[in-house]
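Take a look at the structure below.
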Amino acid sequence: MSAGRVTPAGSFPATFMVTDMNKTRTSGRTIGGLRTLSLQAPAVTLLFLWMIVPLAMTVWFSLQRYNLLMPGMTGFAGLENYEYLFTDPALWSAMGTTLLMVGWVLVITVVGGTLLAVLFQQDFMGRGIARVLAISPFFVMPTVSALVWKNMMMHPANGVLSWVAESLGLPAVDWFSSLPLTSVIIIVAWQWLPFALLILLTAMQSLDEDQVEAARMDGAGPIAIFFFITLPHLKRAISVVIMIEMIFLLTIFAEIFVTTSGGPGLATTNLAYLIYIRALLDFDVGMASAGGVVAIILANIVAIFLVRMVAKNLES
Amino acid sequence: MATLELKQITKSFDDTHVIKGVDLEVNDREFVVFVGPSGCGKSTLMRMIAGLESATSGDILIDGQRMNEVGPADRGLAMVFQSYALYPHMTVEDNMGFSMRLAGVSKDKRREKVLEAAKILQLEPLLDRKPKALSGGQRQRVAIGRAIVRNPSIFLFDEPLSNLDAALRVQMRIELARLHEELDATMIYVTHDQIEAMTMADKIVVLQGGEVEQVGSPMGLYHHPRNRFVAGFIGSPKMNFIAVEQVSSDAEGVTIKLPGGETRQVPIDGSGHAGGGALELGVRPEHLVLDEQGPMEGRIQVLERLGGQTSLYVQMGDSLLTIMADGDVAYRVNDSVRFGFSSDRAHLFDAEGLSLPKLHRHPLAGLRRQDNRAPSDTVGQ
Ligand SMILES: Nc1ncnc2c1ncn2[C@@H]1O[C@H](COP(=O)(O)OP(=O)(O)OP(=O)(O)O)[C@@H](O)[C@H]1O
Ligand SMILES: [Mg+2]
């Protein structure tokens with residue numbers, strides 16, 4: 001129970017702390033001296049506790065023998081939990097699934113978001129309404145949207161997609177059993193596409209119209225303008241989208257829980273879901289905590305790597 | 001060779017008519033300046049010439065060819081934007097070579113042409129920098145360089161110097177005039193700045209509300225404005241307008257009664273205005289002269305000493321007049337002054353605001369900028 005909650009709560013502040021520290025360091029600016037430090041102290045302390053208490057508890061549990069089914073077996077376990085974890089083929093499968101999910105959703109949302117942003121920047125009838133509609137999936141709760149996709153879009157008997165397939169004379173696809181990972185990726189991408197669109201559209205609007213016109217005078221057609229003017233202009237916004245999305249996508253849970261429950265087999269079990277399985281289905285809190293710690297480390301490696309990239313990008 | 005002709009060009013955005021029928025001829029190698037108050041349609045007109053905006057009706061001819069349906073890249077024009085519009089992620093060299101890159105010119109050839117333009121503009125040491133690392137004047141030069149490498153038949157400039165400080169503006173103005181000679185190109189230039197218009201133009205086009213008020217040489221517009229609007233717009237400080245009464249008028253001159261009651265004759269053809277009626281006397285600040293025996297009197301409201309000159313703002317009746325006087329005049333605020341005007345420099349406007357023709361055409365009225373050069377300069381052109 002506690003481990004399931006601990007992991008996301010522990011990993012988020014940790015990644016953001018890294019972001020903050022890195023920023024002040026790369027910009028080479030020290031903020032304030034002793035006097036401002038005393039003013040900052042309460043907030044910083046609160047944030048630090050917010051991060052360190054769950055993190056420390058997770059680390060502590062991960063070093064314990066702590067299985068709710070075996071209340072008698074307690075005590076210090078050392079690295080035993082980690083040993084089991086790293087020799088468990090489920091961990092590596094879950095890591096692979098996580099990376100596949102994050103990677104594909106990023107590709108779909110960034111490419112799709114960029115193209116949609118270009119589209120929605122054009123002047124056409126009903127643009128305002130179209131923009132709102134395109135952005136609205138972001139405001140639907142993950143559980144709800146996953147349910148809608150499961151029961152109304154991808155259902156093999158009465159889903160919209162199978163109806164379309166049938167009216168085209170094609171066999172209906174049982175999405176969640178034959179293409180489970182693809183289905184989850186589609187659902188998550190559908191949810192995050194609006195986010196990418198929102199950020200990129202805002203960035204598009206700051207593109208200097210004169211630059212586009214100068215390019216037109218220089219002989220650039222729409223495609224050349226996209227690659228030589230628009231895309232370089234969106235570079236920063238795209239790296240921001242990638243960073244933020246990656247942090248959240250590493251912990252996708254609700255969509256998997258509602259649709260496939262991580263299956264069939266381990267086909268859609270990512271790290272977050274694996275931790276849930278260990279903690280709440282196997283009741284192995286120690287093992288789940290070890291998984292949580294691994295997830296935190298993974299998230300931080302990604303974050304540091306990304307923050308470097310984004311910071312470099314923002315500076316240039 | 002590059003000439004431009006506009007025939008009855010109009011432009012409407014939905015229901016607003018922005019350009020209302022403009023006719024204009026631009027000759028080869030001419031430097032034409034568009035001036036006019038903000039919102040009069042200067043940029044719109046220029047963008048239509050560039051092809052960035054389509055004309056609602058009328059013809060745009062370049063070298064006699066109708067260009068309305070030709071895209072902006074294929075008209076043989078280059079435009080320099082007020083905001084410079086440099087591509088921020090490209091180096092100076094790439095900025096200048098972008099059009100050639102799109103046209104598929106080889107890298108060596110590109111570099112050669114860019115270097116050539118960079119040399120003219122003294123940009124060689126900056127070729128590897130990004131626009132962000134340049135000063136305003138340098139950016140401006142890169143924008144001009146980007147236009148030069150395209151070897152256009154006509155250059156278009158939309159307020160290119162308005163983001164620069166005063167000193168840099170003077171420098172770039174001189175540089176642009178030099179470029180015009182060096183490149184032998186036709187140039188069209190939009191500006192708000194009186195001095196830029198007067199010093200650089202062969203031909204000034206005064207626009208108001210989407211219509212051409214007058215086209216002429218700088219000296220022609222200064223000495224023979226067609227109407228009250230042009231008279232007020234050209235020249236700085238603005239021309240003074242004084243309501244007067246007409247006493248008599250014929251082809252020999254017009255006799256007017258000034259606010260103080262005295263009468264004067266001015267060398268203006270009054271034959272078209274023999275019927276009498278209200279007139280307005282227009283005198284430029286530099287042509288009002290302080291004179292103890294002068295026919296008009298007023299009270300000094302503000303006094304601006306510039307060193308070489310002093311501007312006096314004088315209240316006479318309801319109107320505030322500007323007088324440019326010598327730098328050493330001893331007057332103070334609230335002093336009352338008498339002044340007159342040089343009558344052969346005076347203008348008269350009728351109730352519609354049209355000016356009555358002057359009896360003598362000013363000797364410099366037809367002067368073009370090229371004519372200022374000594375004859376030896378033009379040898380070899
Ligand atoms: N896209 C547009 N839609 C509607 N009206 C427009 C559009 N573009 C320009 N206008 C109008 O056309 C008129 C002329 O604009 P323009 O930009 O040509 O003025 P300008 O003479 O260049 O002014 P400034 O000296 O301030 O640059 C203005 O009243 C402007 O509001
Ligand atoms: Mg303008």
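Of note:
- Listed residues A:41, A:117, A:290, most fluctuating in chain A (Gaussian network, C-alpha, under 10 Å): A:41
- Label separation (residue A:138 vs residue A:43): 2.5 nm, computed from points 7 Å beyond Cα along the C-beta direction.
- Nearest-10 value in Å² for the accessible area of residue A:175, using the 1.4 Å probe: 50
- Estimated FRET transfer efficiency when R0 is 56 angstrom, pair residue A:227-residue B:315 (beta carbons, to 0.05): 0.30
- Chains B and A together bury roughly 1700 Å² of accessible surface, counting both sides and using a 1.4 Å probe on protein heavy atoms.
- Applying the Karplus relation 6.51 cos²θ - 1.76 cosθ + 1.60 with θ = phi - 60° to the stretch B:205-214 yields 3J(HN,Hα) values of 10, 9, 10, 8, x, x, 10, 7, 7, 6 Hz, where x marks Gly and Pro.
- Distance from the alpha carbon centroid of the stretch B:276-335 to that of the stretch B:121-193 works out to 39 angstrom.
- Net length available on complete extension from residue A:168 to residue A:35 is 40.7 nm, with 0.36 nm assigned per residue and the Cα-Cα distance removed.
- Computed with a 1.4 Å probe over protein heavy atoms only, the accessible area of residue B:11 comes to about 20 Å².
- Within the stretch B:246-293, GluC sites (Glu not before Pro) in DSSP loop having at most 11 other beta-carbon neighbours inside 10 Å: B:292
- Cut-off 14 Å (backbone N to label point 7 Å along Cα→Cβ of residue B:163), residues of the stretch B:80-103: B:80-89
- Residue B:133-residue A:305 FRET efficiency (beta carbon distance; Förster radius 30 Å; 0.05 resolution): 0.60
- Per residue of peptide B:80-91, the mean number of Cβ atoms on other chains within 10 Å of the residue Cβ is 5.
- A protection proxy built from the mean count of other Cβ atoms within 10 Å ranks the segments A:68-81, B:293-306, most packed first, as B:293-306, A:68-81.
- Linear extension gain, residue B:25 paired with residue B:61, 0.36 nm per residue minus alpha-carbon span: 12.0 nm
- Span-like helix ranges in chain A, DSSP H, alpha carbon extent 24 angstrom or more, Kyte mean at least -0.5: A:2-27, A:34-62, A:89-121, A:180-205, A:231-249, A:285-315
- Put the Cα centre of the stretch A:159-226 next to the Cα centre of the stretch B:13-89 and the gap is 37 Å.
- With Cα atoms, 0 to 90° folded angle of helix B:136-148 axis to chain B main axis: 70
- As a calculated quantity, the FRET efficiency between residue B:102 and residue A:95 at R0 = 45 Å, using C-beta atoms, amounts to about 0.50.
- Helix B:166-183 axis versus longest C-alpha principal axis of chain B: approximately 60°, rounded to the nearest ten.
- Computed from Cα atoms, the angle from the helix B:107-121 axis to the main principal axis of chain B rounds to 20 degrees.
- Distance between the modelled labels on residue B:74 and residue B:248, one decimal in nanometres: 6.8 nm (7 Å Cα→Cβ projection).
- One decimal place: the segment residue B:13-residue B:335 gains 110.6 nm when fully extended, by the rule 0.36 nm per residue minus the C-alpha distance.
- Number of partner chain Cβ atoms within 10 Å, mean per residue of A:200-211: 2
- Here's the picture: a label point sits 7 Å out from the Cα of residue A:281 along the beta-carbon direction, and within the stretch A:246-264 the residues with their amide nitrogen under 20 Å of it are A:250-264.
- Residue order by solvent-accessible surface for B:87, A:84 is A:84, B:87, largest first, with ligands and nucleic acids left out and a 1.4 Å probe.
The values are calculated or read from the model by the stated rules, or taken from the named source; none is laboratory data. Treat the numbers as computed from the prediction; the structure is a model and nothing was measured. Glycine gets a Cβ as well: all are built from the backbone with ideal geometry, and neighbour counts include every protein chain shown. These accessible areas exclude ligands, DNA and RNA; they are computed on the full protein's heavy atoms, side chains included. Shrake-Rupley method; radii C 1.70, N 1.55, O 1.52, S 1.80 Å.
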